[in-house]
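One structure is given here, and the rest of the page talks about it.
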Amino acid sequence: MPTLRDLFQPPFVGFAQPLEDLRDEFDRLWSSLAEPHAIPGRPFHRPDAAAPAVNVSESDDAVTIEAELPGLAAGDVEISVSGEELTLKGSRPVSPGGEQPSGDGEEAGVTWHRRERGTGPFERRIMLPVAVDASRVEARLADGVLTVTCPKAPQCQPHKVTVRSA
Amino acid sequence: MVTTTTTAREQATEQPASPAREGQTFHPAVDVCDRGAEVTIVADVPGARADGIDVSFDDGVLTVHATVPPRSLPGRPLAREYGIGDFRRAFRLGEGFDAAQITAECRAGVLTVHVPRLAAVRPRKIEVRG
């Protein structure tokens, strides 16, 4: 049974291409609306914010920062801490599948239908709520999730104060 | 399945999610590339591992679902720019694909799915005789 898609096959495809694109656009909009909590494109493709997105939490003895860096190896990311500022810097290499998302000119015989995953350098500076002990900061990257644990500087940790009776 | 409708902005400022609300599903960012002999789909699924990924192909639609084990940071949250949950996305690829030859791998939170076309429908160069 012929579907709407069949109408966009050759020889109609020439003038129907813009309609194809429009339909793809609607598919994408619709699927992002229809699926609950769908957030299309994350960390590396957030035009309105500094990439990548981070979650930060604070406990009594440390500040923990987490970022999603899929496809990165430990050597692709650089973390530096100075006083109350943590800098997350790095570069995302081209995807392991071997595709080259080149901006100009396509490989022969290759068509990109979606190219939502960005590549290239990124940098993010995060202001920490307290001073941390830079020499004891630890970072771990597993399954594309980076977790940085920054122990607070000793003077910033809560101190129990003993009350002496007069 | 509980479906609460919160916008992306609300999600960024909401209170720490109680366990009951943590079952959210997200749209992974993808690159979809058609190389003629196969279609390659690369999806960002940080936090997911190979054993938590489900790839199925039915009636021309490829569906990927990555289960992300819940994780939380110690202490009280100061900033929450992204939520943590499963990833799910479906792609209408159409006919002419060899479902039995689909392969997928997941490394460092990136899922790559190779969907080869059936040999008979692969684009062939047709020689024009003069």
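Per residue of peptide B:105-117, the mean number of Cβ atoms on other chains within 10 Å of the residue Cβ is 4. Mean per-residue shielding of peptide A:58-71 is 6, counting Cβ atoms of other chains within 10 Å of each Cβ. Summary of packing: across the peptides A:131-144, B:85-98, the per-residue average of other C-beta atoms within 10 Å ranks them, highest first, as B:85-98, A:131-144.
Averaged over the residues of peptide B:34-46, the number of Cβ atoms from other protein chains lying within 10 Å of each residue's Cβ is 6.
No lab work stands behind these numbers, since they all come straight from the coordinates. Source: prediction; values computed, not measured. Heads up, the Cβs are rebuilt from the backbone with ideal geometry, glycines too, and the neighbour counts pull from every protein chain shown.
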